[in-house]
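To start, the structure itself, in structure tokens.
The values are calculated or read from the model by the stated rules, or taken from the named source; none is laboratory data. Remember, it's a predicted structure, so these values are computed and weren't measured experimentally. Cβ sites come from the backbone with ideal geometry, for glycine too, and all protein chains shown count toward neighbours. To get the accessible areas, we keep the full protein, side chains included, count just its heavy atoms, and leave off ligands, DNA and RNA. Shrake-Rupley method; radii C 1.70, N 1.55, O 1.52, S 1.80 Å.
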Amino acid sequence: MRMLDIPVALLILCALLSSGAKGNCLGGECDVDDTYREPDPEAQSSESQMMLHVVNGEEDKIGVYWVGSGEKVLIVAIDPRESTNVNSYVNHQFEFRSMATGTLKRRHIVSEVMEDNHIFLGASKTESIEGVESLGSLEELGDEVFPKYVRYQHSRPVRTREIPMGAKFRSFYPNVLSYYFDDGTKQGQYNGDIKPMGRSAINTYATHKFILKKKGTNQEVARITMEHGKNFVILQPDDEKYMAKIRKTQFYKDVMDELKWVTEYQNRTGLPWLSYHPRQPPILPMWNADHIGQEHTVVVNPEETLTLKVISLRPRVLFIENVLNEKQIAHIMEFGRQRVKRSAVGNSGDGFFTDTRTSRTAWVRREESKTMEEIFQRFAKVLNLSDDRLQHDKNAESLQIVTYGPGQKYSPHHDFSDNGAPPQRFLTLFIYLKPAESEGGTGFPLAFDRRGMKVLPKAGSGVLWYNMLPDGNADEMSLHEGMPVGKGEKWGCNLWVWDPITNFGGMMN
């Protein structure tokens, strides 16, 4: 894919290919008949122009055929592991066939939703990363779990232009830049800073707009409209003399190397690379997630076992009942009641308050009591990790206690970030200490093809999800939210485990 230098508002947007959209089949030969279907003539006359992004993940050359008026017209042939763009109109029909055998790979009718016109032919995203053939359904969990504790968020997949996405920024500016979400006000909503010759990562949505200003001033340097599939954004001044010097720096060379890597990775897998680059696969183990309802049993002590049940494949999520007993719950909540204060978002030292997170939080370390030591030892067994890994000078943060009142929430977000170093949050274990009287569940809006999943377990039960993929990439599908509380008060606690080792020994979070 070719990188274009577009000097618009002193900004370069490096557009990457987005992931594969839904078609009639997910790779290999279609399991549908090869009968021609006459498109709706009235629909074919639509004037709404759209573009298809097509990535050929097959081993042979693929032909893109326009279908209409009783004929099929070859538009372009795509070489293996290559991509192309095709201009078309809403409701036009296309077929994708092997040029060698004529085998039908997929049919597609151009959608008015941009995301649905991003086609990845060959192994699906899930197959190429995890070897999973089907995302399954919650009904496979049985009535002991579904819909008692685990439910769909929506009756059908949500298809809007406002698609959740992760994005990474790289700035060649000599100044600190502040970026503001364009909420229609004159100032906008502050979302963080990017250091000079620095990097930043955010959770956002396609179609959202940001205003970038020199920190502490109203001097605007750029405006950005986020687009699905454009996850890597480079900011540079419109000063060729200055940029000639910057191009000689190691930071510039590293950013260009990263751009090349994320482009190649997305062409190969259909996924955006959201981890730090370069990043090796995680060293910590993951529980297998081969099918919905898969169970793993751990022995906590000679008299007690716990069962982890897979409830989602992408993201990889497991449900665990009775992680903590009543005594342990009360012990954690006592720490919480003494310490909770307004929650912030952002990295340690750079956090700020926002309406996207309206909870209260507190922190407690494992060495603060004998009971806390016992709790961390239980967590280690649940996570299939040695207790040594959950020491604060190794992989584990302090335990975060969180509480929500009526109407309070934490909007969809990721727990991972690219902070300029390989270590990142590998997994999240969230334990319900006191569920709300109504609502207040944990939501995963991208699960089950954006039909979404929400978990509403009883006190002492937990949800485990992995923020990383087995190849070392961050999992964009792990987007999750603390859903608004309807009635009552919700209490829970988060344990974050990092990969590789990150020393939290001297930190109080």
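Values computed for the structure shown
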{"read-out": "Segment ALA459-GLU489, extension gain: residue separation times 0.36 nm, minus the distance between their alpha carbons", "value": "9.6 nm"}
{"read-out": "Cα-Cα separations in the range 156-314 greater than 21 Å, expressed as whole percent", "value": "61 percent"}
{"read-out": "Mean accessible surface per residue for the range 460-509, computed with a 1.4 Å probe while every protein chain stays in place, in Å²", "value": "26 Å²"}
{"read-out": "Potential lengthening between VAL176 and THR160 on full extension [0.36 nm per residue; Cα-Cα distance subtracted]", "value": "2.4 nm"}
{"read-out": "Most to least accessible of LYS454, LYS260 (protein chains only, probe 1.4 Å)", "value": "LYS260, LYS454"}
{"read-out": "Protection proxy ranking, peptides 51-59, 232-240, average beta carbon neighbours within 10 Å, highest first", "value": "51-59, 232-240"}
{"read-out": "Global form of the range 373-483, assessed from the alpha-carbon gyration tensor, a/c cut-off 1.5", "value": "oblate"}
{"read-out": "Cα gyration tensor shape of the range 282-329, rounded if a/c is under 1.5, else prolate or oblate by comparing a/b with b/c", "value": "prolate"}
{"read-out": "Isotropic mean projected area of the C-alpha convex hull, the range 199-275 (nm²)", "value": "6.3 nm²"}
{"read-out": "SER98, SER369, ranked by accessible area, largest first (probe 1.4 Å)", "value": "SER369, SER98"}
{"read-out": "Exceeding the 20 Å Cα-Cα cut-off - candidates LYS209/LYS454; LYS309/LYS381; LYS458/LYS487", "value": "LYS209/LYS454"}
{"read-out": "For the range 211-220, Karplus couplings with θ = phi - 60° (6.51, -1.76, 1.60), whole Hz, Gly/Pro x", "value": "10, 9, 10, 5, 4, x, 9, 9, 6, 7"}
{"read-out": "For peptides 151-158, 314-321, sequence by mean Cβ density within 10 Å, most packed first", "value": "314-321, 151-158"}
{"read-out": "Gyration tensor (alpha-carbon) shape descriptor, the range 266-305, a/c threshold 1.5", "value": "oblate"}
{"read-out": "Packing-based ranking, highest mean first, of 483-491, 244-252, 281-289 given that Cβ atoms within 10 Å are counted", "value": "483-491, 281-289, 244-252"}
{"read-out": "Neighbourhood charge, 14 Å Cβ-Cβ cut-off, centred on PRO423 and excluding it, Lys, Arg +1 and Asp, Glu -1", "value": "-1"}
{"read-out": "Heavy-atom SASA rank of GLU373, GLU397, GLU303, GLU139 (probe 1.4 Å, accessible area, largest first)", "value": "GLU303, GLU139, GLU373, GLU397"}
{"read-out": "Electrostatic dipole magnitude of the range 401-461 [Cβ: Lys, Arg +1; Asp, Glu -1; Cα centre; debye, to 20]", "value": "140 debye"}
{"read-out": "Bins of 10 Å from zero: percent of alpha-carbon pairs in the range 160-224", "value": "21, 55, 22, 2"}
